[in-house]
There are 2 protein chains.
Amino acid sequence: MKKLINDPSDVVDEAVAGFGAAHADLVVVSHDPTFVRRAAAPTPGKVAIVSGGGSGHEPLHAGFVGFGMLSAAVPGPVFTSPTPDPVVAATQAVDGGAGVLYIVKNYTGDVLNFETAADLAEAEGITVRSVLVDDDVAVKDSLYTAGRRGVAGTVVVEKTAGAAAERGDSLDAVAEVARRTNEATRTMGVALTAGTVPHAGEPSFTLADDEIEIGIGIHGEPGRERVPLEPVDAVVDRLLAAVTDDLGVTSGDRVLLFVNGMGGTPLVELYIAYRHAAEVLEGQGVEVTRSLVGSYVTSLEMQGMSITVTRLDDELTELWDAPVETAALRRGR
Amino acid sequence: MKKLINDPSDVVDEAVAGFGAAHADLVVVSHDPTFVRRAAAPTPGKVAIVSGGGSGHEPLHAGFVGFGMLSAAVPGPVFTSPTPDPVVAATQAVDGGAGVLYIVKNYTGDVLNFETAADLAEAEGITVRSVLVDDDVAVKDSLYTAGRRGVAGTVVVEKTAGAAAERGDSLDAVAEVARRTNEATRTMGVALTAGTVPHAGEPSFTLADDEIEIGIGIHGEPGRERVPLEPVDAVVDRLLAAVTDDLGVTSGDRVLLFVNGMGGTPLVELYIAYRHAAEVLEGQGVEVTRSLVGSYVTSLEMQGMSITVTRLDDELTELWDAPVETAALRRGR
């Protein structure tokens, strides 16, 4: 295992501490229990948004804490859900009296722990709504999920819901924006290599030198099939067809096209993939009106990418464009 | 070679086309000759800034084209300087009548080609100044360089010079800001694995499973020494000591601390490194007043990082903080 780490047991604590030190203008880190919240105090009357999940997907979620997006993020151990306690503590820290929305990737551990946290927070008098993200079309049910997995589309949900909260929407309205964004979003990924969980010390799976896995999950869970390495245009065709078929994209639709790196893939490759994906969509009469290219929802140092398409309407476009000030995503206000 | 590419000969053209498609709000791509310029027309009376160099270091340089930073970027083939022609074409495209500054990483090919381009542009009546970036303390002279190599510190030089141009400084004043920033900046890197140049098809060098290379260049050029893999805190100690000794950082100094990923290293590891680097500096009485963490100057999919320290004064801090709107770096205006 070749990584820039110290003791594998300290990976999350040290990374969160480094994140807090590097972005002290944006966030405050709580240790014991561990969560990251906005540096600014909660705005009375505004809905707060909390997300979280296992670590190893950085910048998700802490990288999206700040104005216009998340109020707090709760990182668990690598690839392991945080327990309810830090979620409740984060909820209490950011509630501004208008309620708190949980955005939860659809993995069994996360779903259970955020449900328990919601019950505990409600018992403390804080109104909580939860929205599950399940954008991954690769497989129905998997090693860690009942139903579809929540993957890169989470960024889009966090962005539009965050903008809705910032403009002053009610808790139910913010939850509705999150649900609507999730329903308009589909993703599928591919792996060229496996990441290595620090504690395990060995890659999560093995691929031959000339083999890739289509439909990989962000924890290295099995996808749809293993195929020989092929030109990226062919890989993009596979991912994009699965995504657009499932979403039912048709000529005249406007979409956000998001090419996401898995952590070990350089930007130059992501732009090559973006080029072809945009061309294919435009060839189908689909208008790519917004884009995102970069490593936003990763799987440690896995080489690979995912393609996400979100069908946009005027409101989702406006929420996507709204100002945001986080470590991983910024747009002027 | 496992990469998300098509034909190795098409890597740069396809990546630049994808970059242009994804960021059509910010840039316009010229093909034949290839360069990337701001979407906005040149502002009469404002100094323009052009940079460039071999591809494979993305987001450098095209990712820094936009308001507050570069006017144009000229990407050459992978790890190979662009020829003078596209540099001249970019110069003509962005000149606003106040002259053009070239920011050039100190590699022999880049230096020669940008010098020739400057002569040709001057012959066309455009005033050109050039500033070399040579922040890498690892080695004096190398495979591709007379003197020190220009590496991650280039981002800092492009940012402060870009802000100076945006506030309306004269060509000589913008060049002076660039020179002063370079003089205040030092970097050293480490590699865990080698990147593979698409045309070559094989990794640029070989490291044993338990071996890392201290002082690596961004083209995989030899560094100072190969040592056994060690905890990242020890690696940070090596890099930071070399950087701060050379820069002569002392207690009371204010600095920018920049931890840069080499392309294949995930963000989580960079934050772990940042944490220790910031602690060490603060233990020496050095105030880390600004930070940057991410993969900004890469070497294809190399796993590794570099640490950059820039000594800040009030003016450099103000220029660093000034608004910027590029694909890779944004700060509100």
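The values are calculated or read from the model by the stated rules, or taken from the named source; none is laboratory data. The model shown is predicted, which means the values in this text are computed figures rather than measured ones. So basically every Cβ, Gly included, is an ideal-geometry build from the backbone, and we count neighbours across all protein chains shown. Ligands, DNA and RNA are excluded from the accessible area calculation, which covers all protein heavy atoms including side chains. Shrake-Rupley method; radii C 1.70, N 1.55, O 1.52, S 1.80 Å.
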Inset, instruction - Express the carbon and sulfur contribution to the solvent-accessible surface of region B:60-154 as a percent, rounded to the nearest whole number, probe 1.4 angstrom. - result: 52 percent
Inset, instruction - For chain A, with a Gaussian network of springs between Cα atoms less than 10 Å apart, report the residue from A:322, A:73, A:161 with the top mean-square fluctuation. - result: A:322
Inset, instruction - Show which lysines lie in cross-link reach of residue B:105 when reach means a straight Cα distance below 19 angstrom and same-chain residues fewer than eight apart are skipped. - result: B:140, B:159
Inset, instruction - Using only the Cα atoms of region B:77-198, build the gyration tensor, take square roots of its eigenvalues as a ≥ b ≥ c, and label the shape rounded, prolate or oblate: rounded if a/c is under 1.5, else prolate if a/b is larger than b/c, else oblate. - result: oblate
Inset, instruction - Provide the descending list of Cα extents for the protein assembly as shown along its principal axes, expressed in whole angstroms. - result: 72, 58, 50
Inset, instruction - Place the label 7 angstrom along Cα→C-beta at residue A:167 and in each other copy, then list the distances from the first to the rest in nm, shortest first. - result: 3.6
Legend entry - Probe 1.4 Å, accessible area per residue of region B:10-184, Å²: 33 Å²
Legend entry - Nearest-first distances (nm) between copies at residue A:83, label 7 Å from Cα via Cβ: 6.6
Inset, instruction - Determine by what factor the alpha-carbon radius of gyration of region B:4-163 differs from 2.2 N^0.38 Å, reporting the quotient. - result: 0.97
Legend entry - In order through region B:145-154: 3J(HN,Hα) via Karplus (6.51 cos²θ - 1.76 cosθ + 1.60), integer Hz, x for Gly, Pro: 9, 9, x, 6, 7, x, 10, 4, x, 3
Inset, instruction - Select from B:314, B:172, B:233 the residue whose mean-square fluctuation is largest in a Gaussian network model of chain B (Cα-Cα springs shorter than 10 Å). - result: B:314
Inset, instruction - Decide, for region B:1-76, between rounded, prolate and oblate: order the square roots of the alpha carbon gyration tensor eigenvalues as a ≥ b ≥ c, take rounded if a/c falls under 1.5, and otherwise choose prolate if a/b is larger than b/c, else oblate. - result: prolate
Legend entry - Stokes-Einstein D in µm²/s, Kirkwood radius over Cα pairs - region B:148-261 at 20 °C with 1.002 mPa s viscosity: 133 µm²/s
Legend entry - Contact order normalised by residue count of chain B, Cα under 8 Å, 6+ apart, percent: 18 percent
Legend entry - Long-range amide H partners of residue A:35 with built H, under 5 Å: A:30
Legend entry - Label point 7 Å beyond Cα along the C-beta direction, distances from residue B:108 to other copies (nm, shortest first): 6.2
Legend entry - Fluctuation leader among A:31, A:57, A:219 - chain A, Gaussian network, Cα springs under 10 angstrom: A:31
Legend entry - Residue-wise HN-Hα coupling along region B:201-210, computed from phi with Karplus coefficients 6.51, -1.76, 1.60 (Hz; x: Gly, Pro): x, 10, x, 5, 7, 10, 10, 5, 4, 10
Inset, instruction - Report, by chain and number, residues whose modeled amide H sits under 5 Å from the one on residue B:105, excluding near sequence neighbours (fewer than 5 apart, same chain). - result: B:52, B:133
Legend entry - Rounded to 5, the percent of DSSP beta bridges in region A:26-121 classed as antiparallel: 40 percent
Legend entry - Among beta bridges that DSSP assigns inside the protein assembly as shown, antiparallel share in %, nearest 5: 55 percent
Inset, instruction - Apply the Karplus parameterisation 6.51 cos²θ - 1.76 cosθ + 1.60, with θ equal to phi minus 60°, to every residue of region B:58-67 and state each ³J(HN,Hα) to the nearest whole Hz, in sequence, with x for glycine and proline. - result: 4, x, 4, 9, 4, x, 10, 8, x, 3
Legend entry - For chain A, diffusion coefficient by Stokes-Einstein and Kirkwood Rh (Cα), 37 °C, 0.692 mPa s, µm²/s: 167 µm²/s
Inset, instruction - First check a/c for region B:258-333, with a ≥ b ≥ c the square roots of the eigenvalues of its C-alpha gyration tensor; if it is under 1.5, answer rounded, and if not, answer prolate when a/b is larger than b/c or oblate otherwise. - result: oblate
Inset, instruction - Using only the C-alpha atoms of region A:199-333, find the volume of their convex hull and express it per residue in Å³. - result: 125 Å³
Inset, instruction - Please calculate the 1.4 Å probe accessible area of residue B:212, with all protein chains present, and give it to the nearest 10 Å². - result: 0 Å²
